[in-house]
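Colleague: Before I ask anything, here is the structure I am working with.
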Amino acid sequence: MIIKRIAMAAVLAAAIHPAQAHDIWLTAGPGRVEVHYGHPADASLPDKARLFELTAIPAGGKAVSLLDQIGTGDGMLTAAAPKAAVVAARYDNGFWAQTTQGFRNTNRRNLPDALKSMWSQKFAKLLLPGDGVTQVVGHRLEIVPLADPFRLKPGEKLKVRVDYAGKPLAGAEVEIGNGKTKEDKPRKIAVDANGSADVVLAAGQTVLTVVHRVPGSVPDLAAEDMLAATLAFATAP
């Protein structure tokens, strides 16, 4: 019996959480916006049907949807590069329920005895050089730059704020990466009581990530909402 319990615990510990292990982030490619899914150095093609927002937001202008321009190439979704300060995306990664065999892409109504259940929602922003990069787009979970990173040099600090439901979120951790290199122990910084943190900029591409869990907004389908947001931009080397 003891051996059986140990084996079961090992199965649960080793189970990869599909909703948590993958993120959505945006980058600027040659003449295009690129939508990535997964994690650095091990990305896979995002499900176009789950991407329900890809919007170009100019400074002081009207937001324009890019969904009808989406194509597929190089293991990612792409759209023509817009004239915008921010490109924003939302991705519904679906409902997940954990059983003793691992996670299933379904809800707790189908598996009422699930050990855990969650609704995975992902948000992403890409900053492009120009005015308006500090604007709030209104995602449920959002990383907001409080200064223009394109006016800063490598080694200088960029202050960012994490918002949840339109208010600063205290107690969050911001992970710092580049969207290219997979790190076993990624660098993280904690935000202060105002939801803010200082990020030391590196040359080239930066991808910031934050994760936040809250009680399920649809409790009969999932016990919690698992939210993840990214903020990406590329500064001169």
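Bear in mind these aren't lab numbers, they're just calculated from the coordinates by the rules spelled out. From a predicted model like this one, the values you see are computed outputs, not experimental measurements. Glycine gets a Cβ as well: all are built from the backbone with ideal geometry, and neighbour counts include every protein chain shown.
Colleague: Helix 2-14 versus the longest principal axis of the chain: what angle, 0 to 90°, nearest 10, using Cα atoms?
Modeller: So the helix axis and the longest Cα principal axis differ by about 20 degrees.
Colleague: Would you mind giving the three semi-axes, in whole Å and largest first, of the ellipsoid equivalent to the range 16-235 according to its Cα gyration tensor?
Modeller: Working through the eigenvalues yields semi-axes of 28, 20, 17 Å.
Colleague: Which three semi-axes in whole Å describe the equivalent ellipsoid of the range 43-150, each the square root of 5 times a Cα gyration tensor eigenvalue, listed largest first?
Modeller: Taking √(5λ) for each Cα gyration eigenvalue gives 33, 17, 11 Å.
Colleague: Suppose we flag GluC sites (Glu not before Pro) only when DSSP calls them loop and at most 14 other Cβ atoms lie within 10 Å. Which is the longest uninterrupted stretch of the chain?
Modeller: Segment 1-155 is the longest.
Colleague: Let me ask you something else. Count charges around Val64 for me, please; just the other residues with Cβ under 14 Å from its Cβ, Lys/Arg as +1, Asp/Glu as -1.
Modeller: Once positives and negatives cancel, what remains is 0.
Colleague: Run the helix sum for the chain: -39,500 (n - 2.57) per DSSP H stretch of 4+ residues, divided by residue count, reported at 222 nm to the nearest 500 deg cm²/dmol.
Modeller: Mean residue ellipticity, 222 nm, calculated: -2000 deg cm²/dmol.
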